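Undergrad: Supplied in structure tokens, the structure appears directly below.
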Amino acid sequence: MAILKSLEQSRGQGKKSIAVLVDPDKVDSPSELDPLIRLANENCVDFFFVGGSLVTSTNLNEVIKHIKENVSIPVILFPGSSLQIDPSADAILFLSLISGRNPDLLIGQHVIAAPILRNNKMEVMPTGYLLVNSGKTTSVAYISNTTPIPEDKYSLAACTALAGEMLGLRLIYLDAGSGAEREINPKMISAVRKAVGVPLIVGGGINTSRKAITALEAGADLIVIGNALEKDPNLLTEIADKIYDWNQSVKSTG
């Protein structure tokens, strides 16, 4: 089944998913990822997201191939620009930064990437990307030259996401940014959830299992864990266990 279809199906069933974000810039050698790959496999992680705001290293392809050689978990590109396209991935989040007004990240980079993507087998997943203020300037805010949505402007986020859905985007991604000081307010997640029917991805600042569950309860369909795993790899097990329990309860009542 196509990845996007599976996310839409899970959304319809009330099931939740988890993705692990890998930034190639933080990987000196792909073998460094082996403990994380094993942990992800043991805990039934649904997806690997690979990418970042900058990605100055040249090992994107090596990182993707190493993950795919060791597990069957789908690898999805999370690109900061059209330079971060690698056909060895299973899919790409075709991100339109709809919270900002930088035309290059609304459509410019997409024009460059489109013919490249058309000529390979990667699944293209049209995604409305909303950057939310998290207390400090994150890499994505600086590099994208956009102002994040204020963390208490729930209706602004909801209307932005709704416009993205009306434009035909199939996913909405609320992100506080890598290394965020604060996770996204559950009231904002809830407001966006009520505004759109497409699957909702939430990432940034989720560094405890409580924050993960709060995001899921507020309406996130897929949560993304990245930096927090560098400090506490066991966090992945805690969160995965809670998502497993959630999905089992949904299954038993369905």
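The values are calculated or read from the model by the stated rules, or taken from the named source; none is laboratory data. Note that this is a predicted model, so its numbers are computed, not measured. Quick reminder, even Gly has a Cβ in these numbers, built from the backbone with ideal geometry, and neighbours come from all protein chains shown. Each accessible area value is taken on the protein alone, full model and side chains, heavy atoms only, with ligands, DNA and RNA left out. Shrake-Rupley method; radii C 1.70, N 1.55, O 1.52, S 1.80 Å.
Undergrad: Using helices alone, what [θ] at 222 nm do you get for the chain, with -39,500 (n - 2.57) per DSSP H run of 4 or more residues, divided over all residues and rounded to the nearest 500? Spell out each step's value before the answer.
TA: On the way: 10 runs with 104 residues, N = 254.
When only DSSP H runs of four or more count, the value is -12000 deg cm²/dmol.
Undergrad: Can you pull the percent of the range 204-248's accessible area that's carbon plus sulfur, 1.4 Å probe, other chains left in place?
TA: Working: 940 of 1970 Å².
For the range 204-248, the apolar C and S fraction of the accessible surface comes to 47 percent.
Undergrad: Also, quick follow-up: Applying the Karplus parametrisation 6.51 cos²θ - 1.76 cosθ + 1.60 with θ = phi - 60° to the phi angles of the range 183-191, what ³J(HN,Hα) value in whole Hz is obtained for each residue in order, glycine and proline being reported as x?
TA: Karplus values, whole Hz, x for Gly and Pro: 6, 6, 4, x, 5, 6, 4, 5, 5.
Undergrad: Could you sort Thr253, Thr58, Thr160, Thr208 by their accessible area in this structure, using a 1.4 Å probe and putting the largest first?
TA: Order by accessible area, largest first: Thr58, Thr253, Thr208, Thr160.
Undergrad: A follow-up question, please. Greater than 24 Å separation of Cα atoms is the criterion. Which listed pairs, Lys5/Lys121; Lys26/Lys65; Lys26/Lys153; Lys136/Lys211, meet it?
TA: Values: Lys5/Lys121 16 Å; Lys26/Lys65 16 Å; Lys26/Lys153 33 Å; Lys136/Lys211 19 Å.
Cα-Cα > 24 Å for Lys26/Lys153; rest within.
Undergrad: Can you tell me how the range 34-111 classifies by the Cα gyration tensor, rounded, prolate or oblate, using a/c under 1.5 as the rounded cut?
TA: prolate
Undergrad: Here is a follow-up. Counting heavy atoms of the protein chains only and a 1.4 Å probe, report the per residue accessible area for the chain as a whole number of Å².
TA: Dividing the accessible area of the chain by its residue count gives 46 Å².
Undergrad: Same structure, new question: Compute the projected area of the convex hull of the Cα atoms of the range 1-46, averaged over all viewing directions, and report it in nm² to one decimal place.
TA: On the way: hull surface 16.5 nm².
Answer in nm², one decimal: 4.1.
Undergrad: While we're here: As a test question: what accessible area, to the nearest 10 Å², does Glu183 have when a 1.4 Å probe is rolled over all protein chains in place?
TA: Looks like 60 Å² after rounding.
Undergrad: Another question, then. From zero outward in steps of 5 Å, how is the percent of C-alpha pairs of the range 1-146 spread across the bins?
TA: With 5 Å bins starting at 0, P(r) equals 2, 9, 18, 21, 20, 17, 11, 3, 0.
Undergrad: If we sort 195-206, 125-136 on the protection proxy, mean other Cβ atoms within 10 Å, highest first, what's the order?
TA: Top to bottom by mean Cβ count within 10 Å: 195-206, 125-136.
Undergrad: If you don't mind, another one. Rounded to a whole number, what % of the accessible area of the range 39-99 do carbon and sulfur atoms account for, probe 1.4 Å?
TA: Heavy-atom surface of the range 39-99 belonging to carbon and sulfur, 1.4 Å probe: 50 percent.
Undergrad: Still on this model: How big is D for the chain, in µm² s⁻¹ as a whole number, if Stokes-Einstein is applied with the Kirkwood radius of its Cα pairs at 25 °C and 0.890 mPa s?
TA: Diffusion coefficient, whole number: 136 µm²/s.
Undergrad: Compute the Cα gyration tensor for the range 69-141, then decide on rounded, prolate or oblate, letting a ≥ b ≥ c be the square roots of its eigenvalues: rounded whenever a/c is under 1.5, prolate when a/b is larger than b/c in the other cases, and oblate in all that remain. Mind showing how you got there, number by number?
TA: Values: a/c = 2.51, a/b = 1.42, b/c = 1.77.
Oblate, because a/c is 1.5 or more while a/b does not exceed b/c.
Undergrad: Here's another thing I want to ask about it. Any idea which of Ser6, Ala163, Val132 is furthest toward the positive side of the dipole for the chain, if Lys and Arg beta-carbons carry +1 and Asp and Glu beta-carbons -1?
TA: It is Ala163, whose Cα lies furthest towards the positive end.
Undergrad: Using Cα pairs under 8 angstrom and six or more residues apart, how large is the relative contact order of the range 134-254, in percent?
TA: Details: 183 pairs, mean separation 26.7, N = 121.
This gives 22 percent for the range 134-254.
Undergrad: Quote the relative contact order of the range 56-205 in percent (integer), defining contacts as alpha-carbon pairs under 8 Å separated by 6+ residues.
TA: In percent, rounded to a whole number, it is 20.
Undergrad: In addition: Could you tell me the largest-minus-smallest coordinate of the C-alpha atoms of the range 111-193 on each of the three principal axes, in descending order and whole angstroms?
TA: Reported extents, whole Å, longest axis first: 41, 27, 18.
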